[in-house]
Amino acid sequence: MGNQAAVKQNAWVFSTSTRNFDNRLGKGSQVYLGSAELAAVVALKGKLPTAEEYLTIVKDKIKPEMTDDIYKYLNFNKVSKEELVAMVE
């Protein structure tokens, strides 16, 4: 969902934006914020997934050998100073 978009009245929206407040995307809209990974699962399901649905989809789509690289940036203690600087530039 784009930051300037408007949705149908009382619609629910999933967004990877970093901001949320009442009626941000339309009158009565409910905006749920989350990661790009969760957004992909929402797109596949067409709804907010339960924890079980989320884990099943993510487990099937992400190869175990990829997880260290994928989740590395969620663990800032594992990221070098140079990588952190590059992320904010």
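Overview of results
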{"item": "Residues (of a type outside the set (A, V, I, L, M) and at pLDDT 85 or above) located in region 36-83", "result": "45, 46, 47, 49, 50, 52, 53, 54, 56"}
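Yes/no per residue for (1) polar (S, T, N, Q); (2) assigned to a loop (DSSP other than H, G, I, E, B):
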| position | (1), (2) |
| --- | --- |
| 23 | yes, yes |
| 26 | no, yes |
| 31 | no, no |
| 37 | no, no |
| 40 | no, no |
| 43 | no, no |
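The values are calculated or read from the model by the stated rules, or taken from the named source; none is laboratory data. Since we're looking at a predicted model, the values are computed, not measured.
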